[in-house]
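The structure appears below as structure tokens.
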Amino acid sequence: MSRKVTYIILMLLMPLLMSANSSTAPDLQDTLREVTVVNQRLAAIEESRSSSVNHIYMRQIEQEQRINYKDLSGMIPNLYVPDYGSRMTSTIYMRGLGARIDNPVLGMYIDGVGIANKNSYDFDLFDIRSIRVARGPQGTLFGRNTIGGIMTIQTISPLDWQGIRATAGYGNYNNGEGKVSVYKKIDRKAEWGIAGSAYYRHTDGYFTNRYDGKRVDPSDEAGVRLRVDGRNEKGYQNSTFLSYNFLQQGGFPYHKPGEGINHNDTCAYRRHNLIFGSSYTFPAGDFKLSGTTSYQYLNDDMRMDQDYMPLPYFTLEQAQQEHYVSQELTLRPKSAYKAKQSGLAWDWLTGMQLSYKHQSMLAPVHFMQTGIDSLILKNANNGIHTAFPEAEMVLQEDNFVIGSRFTTQALDLAAYHTSFLNIGNWQIEAGVRLDFEYQHFRYLSDGTVHYMVKNTPITDWREIESKVEGVVRLPYFEALPKIAATYISPKRSWRAYASIAEGYKAGGFNTQLFSDILQNRMMSDMMQDMGVSFADGGEYTVSEVITYKPERCLTFEAGISGNYKKDDLRLEGSATAYELEVFNQQLTTYPKRGTGRLMTNAGHSRSAGAEVTGSIGWKGLSFSAAYGYTYAYFVNYDNGRQDYSGNRVPYMPENTVSGSLQYRFEFDHKVFRALTLNVNTNAYGRIFWDEENEYVQPMYALLNANIILQMKYVSLELWGKNLTQTKYDVFRFVSMGNTFLQSGKPLTFGGKIKVEI
């Protein structure tokens, strides 16, 4: 059937193909290759030659339906962002680094502003001018949580393009979208511009719940963005934006192997996200003084049927409000200092950053009858039977709530410096960042139940009110150095570099384990109330599990890249090899008995690998490919129950592969401008699902394609993803002794109409 469809499409397009010639007609996507960066730290990354950097521009983003940053998996070697759970689940794996919850390994910057919480990472990519990913630790300039690199996203500036853009699209599963943007200069002499954008996206969802026959993962998302840019001939620059995003969706389509999704309670995620950011540069004599000021507000609410089964076990809610403010100031010379006759040139960047976060979280766990019987009474009665074999504890409540309230305050103060010394064809880069972080964590978890014990003198209902509360203070001080050497060919057509850099990922608090902690406290309180010594004191105490340590990484990297251009032929390529020594690697685990998730630290792991990218262009034909290989294993990891030393680090693919083949036909026609055909694929695997390396996802590939007919003001597009209907698992885990997984998305397809005036 698929071959017949292909033949029909080619026959319908043949008259247009026959009229194609080599003439070119510049459009918006062709004119926005160069990016002016106001944030000087990001500018320094562009000027540095000692990082592996991938550039993705508007044409490829839009033509290949890269809707959000998860769609960049594989396009960047060794970058893997699985699409599972909900939009709250922004798990990133890079070069053998990554964990499922809490802090990311890849920092994200949008128009110069660093995104504070990874819950905000997964948003709609629209009117994106360019995306650049610098791989490897970037902690010297950007601090914590950039242990795997940074992703910088630049939207269209009203100073660079003026007009109206509008898009409407529809696809299977009732996927619909609408976007509109207006860009205008408001003062041409002083160069001020303003832009306004809005979008809406809906889907009915891809997975059906057998319990009620409804789709598990419907989604509605909307957002607006306002941007004002200005600059003048004296060197002043400013870029200020305000964005708001709203999301309401279902999610967490987890199911047992060989069975369908089948749970009885609500799974959903809601998010309000507001970001204000302003980046600016002022001339200050022989220097440039730059800064970025930002405020971010996140209000989200996650609800989950945490047993993922049709029985009334328990549900979890996690609602948080977070306020984040940040101020950055940098100073650098207007031009590099050059020594006469010696050929030496010295450029540098120095600065400081101050940020503060205040987060309030409510995380109640609602226990119902089956959960009470199997998770609480069963364990409690096992303890009672050590003293009273015939006794049986019962609770008056058929459901109750364990409430948890957390307040986290975090202050971060950093100073950094990086120097670039150019000696002939060599560039030497050296820098260090001093980072001080202070975290203040207040917790309160409580619950009340009434119990009696049959076949004992305790035949009246007795009240037990259990509570766990306290304050934890965590100060951290980190010194993050980097040193690198780069050789640049005389014609600047290729470069080779080697670097050593250190990065770290912040420590934190195991908030999702407090329901388990309080369950243990309740059972202990009931035993104590009865005067019975509890046979099993529980798996852990608060002091043992409440915190986890920062993760540190030392990276050794070497690479080479180059380009060649002659007439219509364009060649680019790069190759990188690296080794990472990771200490206290953060791992997300599920306790053998319980309902929560636990972040732990492995002693020492190592990751070694290679990355290769390449592209070729000739007239209207272009091909690009990327390959990443990672061998990540535990050097030393013994959790007290089992020694995993030598095993592979889970959840990280050994291989990532991507390829994109495109042909663009240009037309000498009054109406039709161009026809673009694109076929692209991404492949991942193997992926180990646990520390024991017992379960493995074999390597799998996804095939995608699109066709775009471009006219003077209007473009028509047809697209499809996972055309071969590949079956694969995107996530697998064990909870309460049961194995659950999420299947990958099925075949999706649709069409779009886009207007540019």
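The values are calculated or read from the model by the stated rules, or taken from the named source; none is laboratory data. Please read all numbers here as calculations on a predicted model, not as lab measurements. Here the Cβ is made from the backbone with ideal geometry for all residues, glycine too, and neighbour counts use every protein chain on show. These area figures cover heavy atoms from the full protein model, side chains too; ligands, DNA and RNA do not enter into them. Shrake-Rupley method; radii C 1.70, N 1.55, O 1.52, S 1.80 Å.
Between Phe556 and Gln321, how many nm apart are label points set 7 Å from Cα along the C-beta direction?
So the label points at Phe556 and Gln321 sit 5.1 nm apart.
Sorted by packing (mean other beta-carbon atoms within 10 Å per residue), highest first, where do 43-51, 513-521 land?
The densest-packed peptide leads the list: 513-521, 43-51.
Return the sequence-ordered ³J(HN,Hα) values of the stretch 630-640 in whole Hz as given by the Karplus equation 6.51 cos²θ - 1.76 cosθ + 1.60 applied to θ = phi - 60°, using x for Gly and Pro.
Per residue, the Karplus-derived 3J(HN,Hα) values read 9, 10, 10, 8, 7, 7, 8, 8, 10, 8, x Hz.
Give me the net charge of Val105's neighbourhood, meaning all other residues with Cβ under 9 Å from the Cβ of Val105; Lys, Arg count +1, Asp, Glu -1.
+1
Straight distance only, please: which lysines reach the Cα of Lys566 with their own Cα at less than 28 Å, same-chain residues fewer than 8 apart left out?
Filter leaves Lys491, Lys619.
For a quick check: with amide H placed at 1.01 Å from N, whose amide H comes under 5 Å from Asn39's, ignoring anything fewer than 5 positions away on the same chain?
Hits under the 5 Å cutoff: none.
First check a/c for the stretch 160-281, with a ≥ b ≥ c the square roots of the eigenvalues of its C-alpha gyration tensor; if it is under 1.5, answer rounded, and if not, answer prolate when a/b is larger than b/c or oblate otherwise.
prolate
Between His202 and Asp568, how many nm apart are label points set 7 Å from Cα along the C-beta direction?
If labels sit at His202 and Asp568, their model points lie 4.6 nm apart.
Based on DSSP H runs of at least 4 residues, each adding -39500 (n - 2.57), what is the mean residue ellipticity at 222 nm of the chain after dividing by all its residues, to the nearest 500 deg cm²/dmol?
Helices in the chain give a 222 nm mean residue ellipticity of -2500 deg cm²/dmol.
Using the heavy atoms of the protein chains and a 1.4 angstrom probe, tell me the accessible area per residue for the chain in square angstrom.
On a per-residue basis, 42 Å².
With charges only on Cβ, +1 for K and R and -1 for D and E, what is the dipole size of the chain about its Cα centre, in debye, rounded to 20?
Roughly 3200 debye for the chain.
Quick one: putting +1 on the C-beta of Lys and Arg, -1 on the C-beta of Asp and Glu, what dipole do you get for the stretch 122-274 around its Cα centre, in Debye to the nearest 20?
Dipole about the Cα centre, nearest 20: 520 debye.
Tell me, what HN-Hα J-couplings in whole Hz come from the Karplus equation 6.51 cos²θ - 1.76 cosθ + 1.60 at θ = phi - 60° for each residue of the stretch 309-317, using x for Gly and Pro?
Per residue, the Karplus-derived 3J(HN,Hα) values read 10, x, 8, x, 8, 6, 10, 10, 10 Hz.
Please tell me the relative contact order of the chain in percent, rounded to the nearest whole number, where contacts are Cα pairs under 8 Å and at least six residues apart.
Averaging sequence separation for qualifying contacts and normalising by length gives 12 percent for the chain.
Taking every pair of distinct Cα atoms and averaging 1/r, then inverting, what Kirkwood hydrodynamic radius in Å comes out for the stretch 88-161?
Taking the inverse mean of 1/r over all distinct Cα pairs, the stretch 88-161 comes out at 12.9 Å.
Give a quick list of trypsin sites (Lys or Arg not before Pro) in the stretch 489-520 that DSSP marks as loop, anything other than H, G, I, E or B, with at most 13 other Cβ atoms within 10 Å.
Answer in residue order: Lys491, Arg492.
For Lys234, go through the aspartates and glutamates and keep the ones whose alpha-carbon is under 15 Å away, minus same-chain ones fewer than eight residues off.
Within the straight-line limit of under 15 Å, Lys234 reaches these aspartates and glutamates: Glu191, Asp286.
Pull up all non-local amide H partners of Ser90: gap of 5 or more, or a different chain, and H-to-H distance under 5 Å with H placed in the peptide plane.
none
Return a whole-number percent for the relative contact order of the stretch 390-473, with Cα pairs under 8 Å and 6 or more residues apart as the contact set.
36
With no solvent and one equal point scatterer per Cα, compute the Debye intensity ratio I(q)/I(0) for the stretch 215-320 at 0.13 Å⁻¹ and report its log10, rounded to two decimals.
The calculated log intensity ratios at q = 0.13 Å⁻¹ are -0.66.
Using Stokes-Einstein with the Kirkwood hydrodynamic radius over Cα pairs, what translational diffusion coefficient do you get for the chain at 20 °C and a viscosity of 1.002 mPa s, in µm²/s rounded to a whole number?
Answer from the Stokes-Einstein relation: 76 µm²/s.
Please list, or write none, the lysines whose alpha carbon is within less than 24 Å of the alpha carbon of Lys754, excluding same-chain residues fewer than 8 places away.
Lys70, Lys179, Lys184, Lys185, Lys670, Lys712, Lys721
Positive end of the dipole of the stretch 179-291, charges at C-beta (+1 Lys, Arg; -1 Asp, Glu), about the Cα centre: which of Gln249, Ile275, Gly260 has its Cα farthest in that direction?
Working it through, the farthest residue towards the positive pole turns out to be Ile275.
Expressed as a rounded percentage, what relative contact order does the stretch 450-504 have, with Cα pairs under 8 Å and six or more residues apart?
Normalised by residue count, the contact order of the stretch 450-504 is 23 percent.
What's the ranking of 689-695, 371-377 by average number of surrounding C-beta atoms within 10 Å, highest first?
The most tightly packed comes first, giving 371-377, 689-695.
Placing +1 at every Lys and Arg Cβ and -1 at every Asp and Glu Cβ, with all other atoms neutral, what dipole size does the stretch 364-508 have around its Cα centre, in debye to the nearest 20?
1140
If we sort 313-320, 252-259, 104-111 on the protection proxy, mean other Cβ atoms within 10 Å, highest first, what's the order?
104-111, 313-320, 252-259
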